[in-house]
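See structure below.
The values are calculated or read from the model by the stated rules, or taken from the named source; none is laboratory data. Bear in mind that the values here come from a model prediction, so they are computed numbers and not experimental data. All Cβ positions, glycine included, derive from the backbone under ideal geometry; neighbour counts span all protein chains shown.
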Ligand SMILES: NC(=O)c1ccc[n+]([C@@H]2O[C@H](COP(=O)([O-])OP(=O)(O)OC[C@H]3O[C@@H](n4cnc5c(N)ncnc54)[C@H](O)[C@@H]3O)[C@@H](O)[C@H]2O)c1
């Protein structure tokens, strides 16, 4: 299977199917948006109009926001075709990669994979966009399960770069490698994780979102204050540095002590440090400052690394228009966040550090 210009099929013409269709058509692939649910002709026509109409208006909106030249909307649209159940078998038979996006109901998934299994080429890759059903369970529904893996996109699929891939033990290694290459060529950032509930992001964000809701419930902060805190502190930071990298950067010992404190003060079940944090603490393996943590820092230039992390953070500040020149407080009432010149797109984060230092 070539990772080049593949024929893509998105089965299920709903939120994710449409988003995935946009993502691949934008990248240059021919995409069939396939509806396999039995319906009458009028209902099929309505779904075709609605889904292609929404794809067109999403593309027009992205172009109007400056993502690309509006003249490109038509050629991108020209790469997407809607296929109803009557043409589904033929569309699946010619697809190189098929993304299943039918509702999150086990029976719907079973029927979809039986249908896909009957009509897809044995060599085609098949990926489920399911949020919660493990690939190990889905593998039983399809013929040639070695071609199956889960590919969890985040909505909107044409905006969010991340796609979480989860193979099962029988997934062909070439299928996983091919999917990674296909996604990367389409400008996506694939990551691989085990077949475990919640992939990576939904599992992390469920904890964060529940804790935020709890803080509102307990009157600790208003929804507005928590939203501000997450945008300008929490989310801002993790767009520049990975969460595990951040443990190492701040120090595993800091996480250990903070977790023990919060476990004692609030709830041990939610905040107690996991065994790996305790073990690293006992071993003195506390991240950057001790040469090893979750990552290995031995032999690296730690000043250059710190500078790189700072540069990434400054890049985010600049992106958010929050980078200030020195002495802004002296000019009372003249708060101008973007007082520093923006670097050209080719300037690196490290150069951004230099600009700030000179500013
Ligand atoms: N919406 C999200 O934010 C999101 C994010 C990540 C993953 N997912 C996952 O993507 C999958 C699709 O979710 P969605 O939000 O696009 O759903 P959706 O309801 O928007 O779209 C589902 C599509 O499948 C069709 N359909 C309904 N019943 C069917 C059946 N029995 N057989 C075949 N097709 C049927 C619908 O007409 C619709 O076109 C789910 O597994 C969901 O968990 C959704």
Original post:
Is it the case that some residue within the stretch 195-206 is surrounded by fewer than 16 Cβ atoms within 10 Å (Cβ to Cβ), within 24 Å of residue 21 (Cβ to Cβ) and free of Cβ contacts under 8 Å to residues at least 12 places away in the same chain?
Top reply: no
Original post:
What residue, of 237, 279, 285, 260, is outside any helix (DSSP H, G or I), assigned by TED's automatic domain parsing to the domain that holds residue 313 and surrounded by 12 or more Cβ atoms within 10 Å (Cβ to Cβ)?
Top reply: 285
**OP:** Output the number of residues of the stretch 139-162 satisfying the condition of being crowded, with 17+ Cβ neighbours inside 10 Å and within 10 Å of the ligand (Cβ to nearest atom).
**Re:** 6
**OP:** Please work out which one of (1) more than 26 Å from residue 157 (Cα to Cα); (2) assigned by TED's automatic domain parsing to the domain that holds residue 157 is the condition residue 220 fails and give its number.
**Re:** (2)
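Among the residues of the stretch 301-316, is there at least one that is in contact with a strand residue (DSSP E or B) (Cβ under 9 Å, 6 or more places away or on another chain), surrounded by fewer than 11 Cβ atoms within 10 Å (Cβ to Cβ) and at pLDDT 90 or above? Please lay out each step first, then the result.
Of all residues in the stretch 301-316, those in contact with a strand residue (DSSP E or B) (Cβ under 9 Å, 6 or more places away or on another chain) come to none.
No, because not a single residue in the stretch 301-316 is in contact with a strand residue (DSSP E or B) (Cβ under 9 Å, 6 or more places away or on another chain), surrounded by fewer than 11 Cβ atoms within 10 Å (Cβ to Cβ) and at pLDDT 90 or above.
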